[in-house]
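The values are calculated or read from the model by the stated rules, or taken from the named source; none is laboratory data. Remember, predicted model here, so these are calculated numbers, not experimental data. Virtual Cβ from ideal backbone geometry, glycine too; neighbours counted across all protein chains shown. The accessibility values were calculated without ligands, DNA or RNA, using every heavy atom of the protein model including side chains. Shrake-Rupley method; radii C 1.70, N 1.55, O 1.52, S 1.80 Å.
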Amino acid sequence: MTALQFDVVLRIADAVAVLVRPAPDGRMERDRAAQAALRSAAQRDDLVIYRRPSDRPALNPPHHELGVSLSHRADLLLAGFSPDAAVGVDIEIEDINGFDPIAFAADHFSQGEAAAIAGFDSSAAREICYRLWVAKEAALKISGRGIFDGLDEPDLAKHLDLIRIDGASVRLEAGSRLPPIAVSVTRLARPADQPIYCALARDWT
């Protein structure tokens with residue numbers, strides 16, 4: 001096995017998100033890679049990932065059971081961890097061809113978010129759309145249902161200035177589907193001019 005390569009890309013209080021690349025093939029191998037990377041990043045040798053019957057990753061005691069989250073795209077694996085709170089992560093690779101951020105936002109986001117995105121030029125609209133997309137997916141993983149009920153919540157229309165700042169933390173009050181949370185987003189470079197968007201969310205109850 002080649003040496004594990006990972007970078008810490010986001011932090012919120014005691015929560016951390018690490019990007020593993022290249023991600024191993026196979027779910028079991030990716031779980032092992034995530035566990036090794038998170039142990040190293042958090043300096044916690046007692047961090048053990050397992051899968052619940054629902055297939056959701058979880059942690060053995062003494063950590064919060066839902067204090068781990070994984071997201072996999074192409075050859076990239078994003079893993080999040082908090083010892084004391086539920087977390088969610090999401091990663092997306094920007095599609096530079098054929099993706100319409102204004103139409104996507106109108107179909108999936110809140111009215112305020114969609115209206116804001118429609119007011120930007122195409123490049124900025126695409127970036128903000130992806131930032132919102134990963135932030136919402138990461139946040140909704142905390143609920144246990146993910147995006148099953150849609151991407152309209154959390155509504156981040158009032159927080160676009162912070163969402164556009166790499167690593168900035170946005171604190172949100174409880175909503176109809178979510179507890180109080182904090183969420184942070186970053187945009188990373190990738191070969192072939194396809195930026196990577198990563199998000200980490202932490203329960204703030």
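A few points about this structure:
- Cα-based values for segment 114-205, radius of gyration first and Dmax second, are 13.0, 40 Å.
- Calculation over all alpha carbon pairs of segment 1-104 in 5 angstrom steps from 0 returns a P(r) of 2, 13, 24, 24, 16, 10, 6, 4, 1, 0 percent.
- Heavy-atom accessible area per residue - the chain, 1.4 Å, Å²: 47
- Each 5 Å bin, from zero up to the one with the longest distance, holds this percent of the alpha carbon pairs of segment 53-147: 3, 13, 20, 19, 16, 12, 9, 5, 2, 0.
- Distance between the modelled labels on GLU65 and ASN97, one decimal in nanometres: 4.6 nm (7 Å Cα→Cβ projection).
- Of the accessible area of the chain, computed with a 1.4 Å probe over protein heavy atoms only, carbon and sulfur atoms account for 49 percent.
- If you bin all the Cα-Cα distances of the chain at 5 Å, starting from zero, the percentages per bin are 1, 8, 17, 21, 21, 16, 10, 5, 2, 0.
- Counting only protein chain heavy atoms and rolling a 1.4 Å probe, the accessible areas of ARG164, ARG51 rank, largest first, as ARG164, ARG51.
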